[in-house]
Amino acid sequence: MRRPYPMEGLPQHVTVYEVGPRDGLQNEPATVPAEVKAEFISRLADAGHKVIEATSFVHPRWVPQLADADELLGRLDRRPGVRYPVLVPNERGLDRALAHGVAEIAVFASATETFAAKNLNRSLESQFDMFEPVVARALEAGVRVRAYVSMCFGDPWEGPTPVSQVVSVGRRLLGLGCYELSLGDTIGVATPGHVTELIEAFDATDRLAVHFHDTYGQALANTLAALQAGVTTVDASTGGIGGCPYAESATGNLATEDLVWMLHGLGIETGLDLDRLVATSTWLAGLLGRPSPSRVVQALSKG
Ligand code: HMG
Ligand code: MG
């Protein structure tokens, strides 16, 4: 057992918001059967996760890999004390989620015009016409709402995203009553100083989470910058799987195991059992037919 080496100015506890079953599986070439997804989610709960984004209630033609969202929620072994948020873009998605009694949803906005069109078939402005009734109705039904903003640091079509543009979209979402805003680096282009500048520009650090894809190998460095700026919720995906089907340059998310190795090394509590996480990633990699991209999974699964 390695002893931790703490650093000044970091939180004692970090909430790892696990997105593997949603962000991870939405980008897999093969569709994983609902019973396997349910087992995957149970294994994540066994490893200590308290928040597991289970699936998306989007249009099944847009994301066929998650077209079984209704079946999956029917099969979910919901554990007390574990949250199972689902992605919801519009009122049709909300109706589907409410029919399963979900307690938490996440809406997902774009910081750029082009990605709003590609991912949501809406403009930067009209995406809010879609989200406003969703958030209002969800809150009225007692359902908590998280919000994502994608392309916070750059966009494959428009280049770097101005910080002011991200802050404007993000503040509007928080203003609707979303409890948390997850800043998405969808294509993994951020670097640590950019992360610090964006977080400071919000002036609402206690309501921010970060969501890094690891395309350029910056996800852990960016996470450390976010923790130093006061963020305590970090999104990650089992084994580093993931991506966005509507942004080809998006590769996998920050791997949960890589994140946990760093956090535990810093003496930061997560409540997660790293060996169980690695075992789950190895099991999943066997089913997906390719090795996990996570360095920690690769190192630890060799024994
Ligand atoms: P649209 O074509 O504009 O939809 O798509 P519409 O409102 O015009 O409706 C067209 C038809 O679709 C209607 O049926 C609706 O009922 C149906 P018809 O009357 O023609 O028979 N429909 C639905 N059916 C089932 N469930 C629904 C639903 N909505 C409409 N929810 C829409 C707009 C938002 C639906 C579409 O663009 C969509 O589904 N987009 C989702 C894309 C997606 O899931 N992307 C990946 C997630 S985002 C991400 O990964 C980034 C993130 O990880 C953060 C980061 O990394 O930055 C979160
Ligand atoms: Mg993502």
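The values are calculated or read from the model by the stated rules, or taken from the named source; none is laboratory data. As the structure is a prediction and not an experimental result, all values here were calculated from the model. Cβ coordinates were reconstructed from backbone atoms using ideal geometry, including for glycine residues, and neighbour counts include every protein chain displayed.
Yes or no: region 277-291 includes at least one residue that is assigned to a loop (DSSP other than H, G, I, E, B), within 19 Å of the chain's Cα centre (by Cα), closer than 30 Å to residue 115 by Cβ and away from ligand 1 (no atom under 16 Å from the Cβ). No, every residue in region 277-291 fails to be assigned to a loop (DSSP other than H, G, I, E, B), within 19 Å of the chain's Cα centre (by Cα), closer than 30 Å to residue 115 by Cβ and away from ligand 1 (no atom under 16 Å from the Cβ).
The requirement of being under 24 Å from residue 258 (Cβ atoms), of a type in the set (Val, Ile, Thr) and part of a helix (DSSP H, G or I) is fulfilled somewhere in region 37-45, by at least one residue.
Looking at region 283-303 only, could you name the residues that are under 12 Å from residue 241 (Cα atoms) and hydroxyl-bearing (Ser, Thr, Tyr)? 292, 294 - these are the residues of region 283-303 that are under 12 Å from residue 241 (Cα atoms) and hydroxyl-bearing (Ser, Thr, Tyr).
Residues in region 101-135 that are in a loop (DSSP other than H, G, I, E, B), within 13 Å of ligand 1 (Cβ to nearest atom) and either within 24 Å of residue 38 (Cβ to Cβ) or not hydrophobic (A, V, I, L, M, F, W, C) (or both): 112, 121, 122, 123.
Of the residues 105, 41, which is in contact with a helix residue (DSSP H, G or I) (Cβ under 8 Å, 6 or more places away or on another chain), in contact (Cβ under 8 Å) with a residue 40 or more places away in the chain and closer than 12 Å to residue 21 by Cα? Lay out the reasoning, then the answer.
On the way: 105 fails: closer than 12 Å to residue 21 by Cα.
When all the criteria are applied, what remains is 41.
Residue 150 meets the stated requirement of being within 9 Å of ligand 1 (Cβ to nearest atom), among the polar types (S, T, N, Q), in contact with a Cys (Cβ under 8 Å, 6 or more places away or on another chain) and closer than 17 Å to residue 167 by Cα.
Take the residues of region 46-97 that are aliphatic (A, V, I, L, M), in a loop (DSSP other than H, G, I, E, B) and in contact (Cβ under 8 Å) with a residue 40 or more places away in the chain: which is farthest from ligand 2 (Cβ to nearest atom)? Outline the logic, then answer.
Residues of region 46-97 that are aliphatic (A, V, I, L, M), as a first pass: 47, 51-52, 54, 58, 63, 66-67, 69, 72-73, 76, 82, 86-88, 94, 97.
After this cut, where a residue has to be in a loop (DSSP other than H, G, I, E, B) as well, the list is 47, 54, 58, 63, 67, 76, 82, 88.
Next, only the ones that are in contact (Cβ under 8 Å) with a residue 40 or more places away in the chain stay: 47, 63, 88.
Values: 47: 21, 63: 12, 88: 15 Å.
Looking at residues that are aliphatic (A, V, I, L, M), in a loop (DSSP other than H, G, I, E, B) and in contact (Cβ under 8 Å) with a residue 40 or more places away in the chain, I get 47.
Mind checking which residues of region 136-163 are among the small types (Gly, Ala, Ser) and outside any loop (DSSP other than H, G, I, E, B)? Within region 136-163, 136, 138, 147, 150, 159 meet the criteria. Scanning region 119-130 for residues being within 21 Å of residue 163 (Cα to Cα) and in contact (Cβ under 8 Å) with a residue 40 or more places away in the chain gives a total of 3.
Residues of region 231-254 being of a type outside the set (Ser, Thr, Tyr) and within 11 Å of ligand 1 (Cβ to nearest atom), which ones?
Within region 231-254, the first condition is being of a type outside the set (Ser, Thr, Tyr), and the residues that meet it are 231, 234-236, 239-245, 247-248, 250, 252-254.
Answer for region 231-254, where residues must be of a type outside the set (Ser, Thr, Tyr) and within 11 Å of ligand 1 (Cβ to nearest atom): 235, 242, 243, 244, 245, 247, 250, 252, 253, 254.
Is it fair to say residue 174 is in contact with a Leu (Cβ under 6 Å, 6 or more places away or on another chain), surrounded by fewer than 19 Cβ atoms within 10 Å (Cβ to Cβ), modelled with pLDDT of 95 or more and not charged (D, E, K, R)? So residue 174 passes the test. Screening residue 43 against (1) away from ligand 2 (no atom under 16 Å from the Cβ); (2) closer than 15 Å to residue 242 by Cβ leaves a single unmet condition, (2). So which residues in region 193-247 are within 12 Å of ligand 2 (Cβ to nearest atom), of a type in the set (Phe, Trp, Tyr) and not in a loop (DSSP other than H, G, I, E, B), if there are any at all? Hit for region 193-247 is 212, nothing else.
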